[in-house]
Amino acid sequence: GAVQSISLELDKKIMDANYFGPITLTKAILPNMISRRTGQIVLINSIQGKVGIPFRAAYAASKHAAVGFFDCLRAEMEEYDISVSTVNPTFICSYHRQPAPGNWEASIWK
């Protein structure tokens, strides 16, 4: 939605999931990788981490923040032979087929 219509609370929830989620996991596994002096970290992000579009400010900001963090991490981890990659797929279209009533197992995502 528009910046002025999204609550600060929702902004924080989006940042918590899209920024602090990957950062929390990375910080949990990083000490082991550093001690072994090897590893690979891959962030699957979004094209909106590179390009913002209208009505997606909170989402784009969270994705930009993640890209910034992992760019810095990449430079810091070079001395430990830990590679850090960021994958930013473009927009995708998902189709969902509704299952027959009472048959939720038939639900599939393509």
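Would you tally the residues in segment 16-58 being within 15 Å of the chain's Cα centre (by Cα) and closer than 17 Å to residue 87 by Cβ?
Going through segment 16-58 one residue at a time, the tally reaches 18.
With respect to residue 91, is the statement that it is open to solvent by 100 Å² or more (accessible area, probe 1.4 Å), modelled with pLDDT of 90 or more and not in a helix (DSSP H, G or I) true?
Details: open to solvent by 100 Å² or more (accessible area, probe 1.4 Å): yes; modelled with pLDDT of 90 or more: no; not in a helix (DSSP H, G or I): yes.
Criteria not met by residue 91.
Select from segment 1-28 the residues that are among the β-branched types (Val, Ile, Thr) and in contact (Cβ under 8 Å) with a residue 12 or more places away in the chain and list them in ascending order. So that I can check it myself, show each step before the final result.
Residues of segment 1-28 among the β-branched types (Val, Ile, Thr): 3, 6, 14, 23-24, 26.
Correct list: 3, 6, 14, 23, 26.
Looking at residue 4 and the list (1) more than 30 Å from residue 78 (Cβ to Cβ); (2) open to solvent by 90 Å² or more (accessible area, probe 1.4 Å); (3) touching a helix residue (DSSP H, G or I) at 6+ places or on another chain (Cβ under 9 Å), which single condition is not satisfied?
Result: residue 4 fails condition (3) only.
Filter segment 54-88 down to the residues that are out of contact with any helix residue (DSSP H, G or I) (no Cβ under 8 Å at 6 or more places or on another chain), closer than 15 Å to residue 42 by Cα and assigned to a loop (DSSP other than H, G, I, E, B) and list them by number.
Once the filter is applied, which keeps residues that are out of contact with any helix residue (DSSP H, G or I) (no Cβ under 8 Å at 6 or more places or on another chain), closer than 15 Å to residue 42 by Cα and assigned to a loop (DSSP other than H, G, I, E, B), segment 54-88 yields only 81.
Of 55, 70, which residue is among the aromatic types (Phe, Trp, Tyr) and in contact with a Gly (Cβ under 8 Å, 6 or more places away or on another chain)? Before you say what the answer is, go through the steps one by one.
On the way: 70 fails: in contact with a Gly (Cβ under 8 Å, 6 or more places away or on another chain).
Answer to the selection: 55.
Being open to solvent by less than 80 Å² (accessible area, probe 1.4 Å), under 14 Å from the mean Cα position of the chain (by Cα), modelled with pLDDT of 95 or more and not aliphatic (A, V, I, L, M) is the requirement here; does residue 69 meet it? Quick ask: steps written out before the conclusion?
Numbers: open to solvent by less than 80 Å² (accessible area, probe 1.4 Å): yes; under 14 Å from the mean Cα position of the chain (by Cα): yes; modelled with pLDDT of 95 or more: yes; not aliphatic (A, V, I, L, M): yes.
It is true that residue 69 is open to solvent by less than 80 Å² (accessible area, probe 1.4 Å), under 14 Å from the mean Cα position of the chain (by Cα), modelled with pLDDT of 95 or more and not aliphatic (A, V, I, L, M).
Scan segment 29-39 and tell me whether some residue there is outside any helix (DSSP H, G or I), surrounded by fewer than 13 Cβ atoms within 10 Å (Cβ to Cβ) and of a type outside the set (Gly, Ala, Ser). Working first, answer last.
If we filter segment 29-39 for residues that are outside any helix (DSSP H, G or I), which is where we start, we get 37-39.
Filter once more, keeping what is surrounded by fewer than 13 Cβ atoms within 10 Å (Cβ to Cβ): 37-38.
Next, only the ones that are of a type outside the set (Gly, Ala, Ser) stay: 37-38.
Yes, the conditions are met somewhere in segment 29-39.
The values are calculated or read from the model by the stated rules, or taken from the named source; none is laboratory data. Quick caveat, the model's predicted, so the values are computed rather than measured. Positions of Cβ are backbone-derived with ideal geometry, glycine not excepted, and every protein chain shown enters the neighbour counts. Heads up: the accessible areas ignore ligands, DNA and RNA and are worked out on the full protein's heavy atoms, side chains in. Shrake-Rupley method; radii C 1.70, N 1.55, O 1.52, S 1.80 Å.
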